[in-house]
1. Give, rounded to the nearest 20 debye, the magnitude of the charge dipole that chain B has about its Cα centre when Lys and Arg contribute +1 at Cβ and Asp and Glu contribute -1 at Cβ.
2. Compute log10 of I(q)/I(0) for region B:31-334 with the Debye formula, placing one identical point scatterer on every Cα and leaving out solvent, at q = 0.09, 0.10 Å⁻¹, to two decimals.
3. Determine the dipole magnitude for region A:66-224: charges of +1 sit on the beta-carbon of Lys and Arg, -1 on that of Asp and Glu, nothing else is charged, the reference point is the Cα centre, and the result goes in debye to the nearest 20.
4. Just to be sure I understand the rule: take each whole DSSP H helix in chain B, project its Cα atoms onto its long axis, keep it if the span is 18 Å or more and its mean Kyte-Doolittle hydropathy is at least -0.5. Which ones pass?
5. From the Cα gyration tensor of region A:219-339, with a ≥ b ≥ c the square roots of its eigenvalues, which class applies: rounded if a/c is under 1.5, or else prolate if a/b is larger than b/c, or else oblate?
6. So if each residue of separation counts as 0.36 nm, and I subtract the Cα-Cα distance between A:Ala416 and A:Arg221, what length gain in nm does that give?
7. What's the average, rounded to a whole number, of partner chain beta-carbon atoms within 10 Å of each residue's beta-carbon in A:88-94?
8. A:Val260's amide H: which non-local residues (gap 5+, or another chain) put their own amide H closer than 5 Å, with H modeled 1.01 Å from N in plane and none for Pro or chain starts?
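Read the figures in this text as sums done on the coordinates, not as results from a lab. This structure is a prediction, so every number in the text was calculated from the model and none was measured. In this analysis, Cβ positions are derived from the backbone assuming ideal geometry, glycine residues included, and neighbour counts consider all displayed protein chains.
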Amino acid sequence: MPTEAPVLRVRAVSKSFGAVAAVQGVSFDLYGGEAHALVGENGAGKSTIVKMLAGVHRPDAGTLELDGVPIELNTPADAKAAGIAVIYQEPTLFPDLSVAENIAMGRQPLGRFKTIDRTAMIEQAEQLFTRLGVSIEPSRPARGLSIADQQLVEIAKALSADARVVVMDEPTAALTGVEVERLFAVARSLRDHGAALVFISHRFEEVTALCERVTIMRDGRHVSTDLVSEVSVDEMVRRMVGRELGALFPKQEVTPGAVVLSVAGLTRDPVFVDVSFEVRAGEIVALAGLVGSGRSEVVQSIFGVDPRDAGTVTVAGKTLKPASPRAAMAAGVALVPEDRRQQGLVMELSIERNVTLPRSRALSQLGFLTGSNERRSAKEWTQRLKTKYGRLQDEVGTLSGGNQQKVVLAKWLATAPKVLIVDEPTRGIDVGTKAEVHRLMSSLAAEGVAVLMVSSELPEVLGMADRVLVMREGRLVAELDRERATEESVMFAAMGQEATV
Amino acid sequence: MTAAPARADSAVELPTAVTRRSSLDLVLRARELGIVLALAALVAVTAISNPRFLSGQSIRDILLGTAILAVLAVGQAVVVITRNIDLSVGSVLGLSAFTVGTLLRDNPGLPVVVALLIGAAVGGACGAVNGVLVRYGNVPALVVTLGTLYVVRGITYFWAGGQQINADELPAGFLDFGNATFLGIPYLVLIALLVLVITGVVLRNYRLGRELYAMGSSPQAARLAGISVGRRTIGAFGVSGALAGLAGVLFAARFGTIDAAAGTGYELNVVAAVVVGGVAVFGGSGSVWGAALGALLLTTIGSSLAVLEINQFWQQAIVGGLILLAIGADRLVAARVAASLKKRGSHVS
Ligand SMILES: Nc1ncnc2c1ncn2[C@@H]1O[C@H](COP(=O)(O)OP(=O)(O)OP(=O)(O)O)[C@@H](O)[C@H]1O
Ligand SMILES: [Mg+2]
């Protein structure tokens, strides 16, 4: 049951970064025993609020009140001490340290002479993972964890803090249905033990499934706070974007042309084994499956960032050299990777430099990069994707999470590929732009591009794909065409016989 | 949705995970093993061509030289683990040696322990200055400590002028300390071992130590985890400075003659020892044990080349080659580990 008095009150907080007013006079209350959703478009200021609760940013104006007492959170340590645990939108792990140590950092269980009790620390991590129902090895280093696993470690970290306020900034963005269910089960038990939860997501079904209350933001301002039961999803979307939205999946009918991408017997033991399929021009093929079923690994191996043990990849009749992204790019393949921090963007470079990075050669004249060319094409693509930024010269690292994802997309769409491989293309992207991304992919397909899409979002898979390939434990287990692909049939194939959906 | 069956295999999975972990550990331990093997081979070859190499005196020389270099390397490792570097250690060693030498010349009654503490204090102060400059100046450690390298050396020259402190001016008790042994082990070596063990244990088993690794591994994540990165940075430089100061006293006790040039160029040996010992220059990994082994290897190479009557020039070339080899090995191991970690994605198995 929610507490009578709010645990934490956010009162008229504002925060600007230079000329960008990220948050302006936002207020809402968090009650113990209640999950509170924060929704808004990309760049609406959600993560900025999170960072103020976390002690990363100090509000320019306004106050935070804990149990009715104003508090100053000047550092993340202050927030920790106040009982606020935060899962940031971008995983912030220590790659060289073990997973268990990542979770326990600053709170390691101590034994004799205040030394760290490693056995207890690993046990603690194991217990957390059991609670979350995942099998990550606590003693392995965090380096090399998939983005979903990183997210799960972050979740475990927040759980271990025993906090009164747990703030989760898009914790589900990288997870599939099953993991989300588990996370929700754990979140509900936290809530039932009296914790106040803040939950951010661009998926409304998650908001309605988990949260009691929802605060809607637009352009850094507070729009409304209501009980979830009292606003419809359509109403939330309308308030969020400030206008009516069109149909979500504007799929164009296309007659597939010749085979452009053909994959035969692709194997990297034990991650994936004997994967074969074809994608035709104009076709959108989705790779579905649970997190960790090997989907991302397959597309990375096709593009050549990962090596492979066996198998061939052919693009428009030409066999690609294995493990060479350069060759893949030259053959007209583009990959939008799932982990934008590590593979997609150079955070310190400007937006325009990032967008034009893969095409620097084509844009250069006599070997020199010319600013104006670069700017023009960067501008065109970021605008088509409605990217919200101050200036094109700003560092990509200062963009909101969803807008960073748009820059990654812009970067690869701008290369005019023959084969476009997208891994979780709409991860962290708001509803309005999601429709725009789908429209773009659909129109690219109509222009004859072969699209291969990895997605954990079933509605997206079902809405966009001409064919759905389902992977389970590293193998292709089903191929469903558009008519036969339903939520049930895809989940059934993804989870195997035991599962009932 | 009932999802339980999907992960029912987790309990069965554990034993294989454990065995795979140990093979990974082996890869990570490979560096220490490699150094030990290289050392064994070097000693064997040198001893066969000239048995004098294994005489008591020669081994003593190697151990004393290693002791000084290892104390410096331990301090350097602490700094490098936090993704910084301290190039000023050679100059700090010189300043501390000269300070302590002067004090002992003027007050022959000064106990050795006090001399050690004074040396450490002088060095610690220099290190703290480095730390403060790195923290507040927002300048890379490489640049800051390159600056203090010259500044500290300049101060020593200014103070010393051309004068030199000779062994006959130093109290006999102090010089004895440089040569005496306890249960057959030189005091200098005992001190180095003490420093090594304490630092090693703190880095491995205490929260403080782990926070240093965390900072080096990802400064941004460390800040978000509530680690006071600034304070720890100053602390790490303070430790490195204090150990350089301590090494200065050991230097004075061992050689007996001190002038303003004492320890010139040591910083490069120290960084080499740390890198060869497997402390990653990008921070976050490696151990002081490795750094100390690196110091032992470098010192042994120096001695054995002298015994084999090989030109000094070759020594430098060999050290350079070793550094490149070490960095190459790091890359190779990193690639191996990355591949094995990727294969061990949590869900796929
Ligand atoms: N460190 C920073 N420097 C400059 N501008 C910033 C910084 N952090 C955020 N901003 C800007 O503040 C605005 C709000 O960003 P915020 O990250 O809060 O959005 P968000 O609601 O979390 O969006 P998303 O759904 O994409 O994650 C954006 O316009 C962003 O560019
Ligand atoms: Mg955000």
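1. The dipole magnitude comes to about 1440 debye.
2. -0.43, -0.53
3. Using Cβ point charges on Lys, Arg, Asp and Glu, region A:66-224 gives about 260 debye.
4. Working: long enough: B:10-49 (58 Å, 1.08); B:56-81 (35 Å, 1.68); B:89-106 (25 Å, 1.12); B:112-137 (37 Å, 1.73); B:141-160 (27 Å, 1.41); B:187-205 (26 Å, 2.33); B:229-255 (38 Å, 1.12); B:288-307 (28 Å, 1.70); B:312-343 (47 Å, 0.84).
Long hydrophobic helices here: B:10-49, B:56-81, B:89-106, B:112-137, B:141-160, B:187-205, B:229-255, B:288-307, B:312-343.
5. prolate
6. Gain on stretching A:Ala416 to A:Arg221: 66.5 nm.
7. Values: counts 2, 0, 3, 1, 7, 5, 11.
What the average comes to for A:88-94 is 4.
8. Answer set, sorted by chain and number: A:Val279, A:Arg280, A:Ala281.
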